[in-house]
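Input: a single structure, listed below in structure tokens.
The values are calculated or read from the model by the stated rules, or taken from the named source; none is laboratory data. None of these values were measured; they are calculated from a predicted model. Cβ coordinates were reconstructed from backbone atoms using ideal geometry, including for glycine residues, and neighbour counts include every protein chain displayed.
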Amino acid sequence: MSTRIPLPYSPKVLELFRNPKNAGKMEDADIKATAGSPACGDMITLYLKIDKDREVIEKASFESYGCAANIAAASILTEMIIGKKLEDAWKITWKDISDELGGLPAIKYHCSILAVGALKRAIRMYYKKIGKKPKWLPEKETREELQVLEEEKMIEYLYKKFKI
């Protein structure tokens, strides 16, 4: 008998876990970015196709390795950003993703943080690739970007320390 208590996922999380939107690799992506660590299994790779003239996200897809919350967070993120200008997509927070999913258990907040981290990495990488830096893009990494970096470093440290 298991002593584990199931997490209280919202119906939206369960639906997107079972039927994720925009899942899969995008062969013609303008940019791809990954957030997470293969050591713990929670990873999101985000692919973006961008209208260069309008700076609008035309297509978004993802690959996710992890739990139901991780898959749902990546899926809802792609739905939220398609058709948005890069500047507006940049403003999406982990809380926006959690709210759009009907809430996440506190222990799963990191899944929405990873999704936002992948998005912000992709946007930064895109502008670096085209050699442009818009005024609205912060010079320094944002709190969400730093949270993802810290989580990745912590997982890598633990992975090495315990030889997992």
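The table for this structure:
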{"read-out": "Residue satisfying all of: in the range 81-93; surrounded by fewer than 17 Cβ atoms within 10 Å (Cβ to Cβ) and out of contact with any strand residue (DSSP E or B) (no Cβ under 8 Å at 6 or more places or on another chain); nearest to Cys111 (Cα to Cα) among these", "value": "Thr93"}
{"read-out": "Unique residue being at pLDDT 95 or above and aliphatic (A, V, I, L, M) when the list is Ile113, Ile130", "value": "Ile130"}
{"read-out": "Output for the range 113-164, where each listed residue is without any contact (Cβ under 8 Å) to a residue 24 or more places away in the chain, in a loop (DSSP other than H, G, I, E, B) and of a type outside the set (S, T, N, Q)", "value": "Gly131, Lys132, Lys133, Lys135, Pro138, Glu139, Lys140, Glu141, Phe162, Lys163"}
{"read-out": "Test: residue in the range 12-28 that is out of contact with any Gly (no Cβ under 8 Å at 6 or more places or on another chain), of a type in the set (Asp, Glu) and under 19 Å from Asp96 (Cα atoms)", "value": "yes"}
{"read-out": "Count - residues of the range 35-46 that are crowded, with 18+ Cβ neighbours inside 10 Å and at negative phi", "value": "8"}
{"read-out": "Of the criteria (1) under 18 Å from Asn19 (Cα atoms); (2) of a type in the set (Val, Ile, Thr); (3) in a strand (DSSP E or B), which one Ile71 fails", "value": "(3)"}
{"read-out": "Single residue of the range 109-160 satisfying the filter (among the hydroxyl-bearing types (Ser, Thr, Tyr) and within 16 Å of Thr93 (Cβ to Cβ)) that is surrounded by the most Cβ atoms within 10 Å (Cβ to Cβ)", "value": "Ser112"}
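Condition check ((1) part of a loop (DSSP other than H, G, I, E, B); (2) without any contact (Cβ under 8 Å) to a residue 12 or more places away in the chain; (3) surrounded by fewer than 17 Cβ atoms within 10 Å (Cβ to Cβ); (4) on the phi < 0 side of the Ramachandran plot) across all residues:
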{"position": "Asp28", "(1), (2), (3), (4)": "yes, no, yes, yes"}
{"position": "Ala33", "(1), (2), (3), (4)": "no, no, no, yes"}
{"position": "Leu48", "(1), (2), (3), (4)": "no, no, no, yes"}
{"position": "Ile57", "(1), (2), (3), (4)": "no, no, no, yes"}
{"position": "Ser75", "(1), (2), (3), (4)": "no, no, no, yes"}
{"position": "Glu79", "(1), (2), (3), (4)": "no, no, yes, yes"}
{"position": "Lys95", "(1), (2), (3), (4)": "no, no, yes, yes"}
{"position": "Ile107", "(1), (2), (3), (4)": "no, no, yes, yes"}
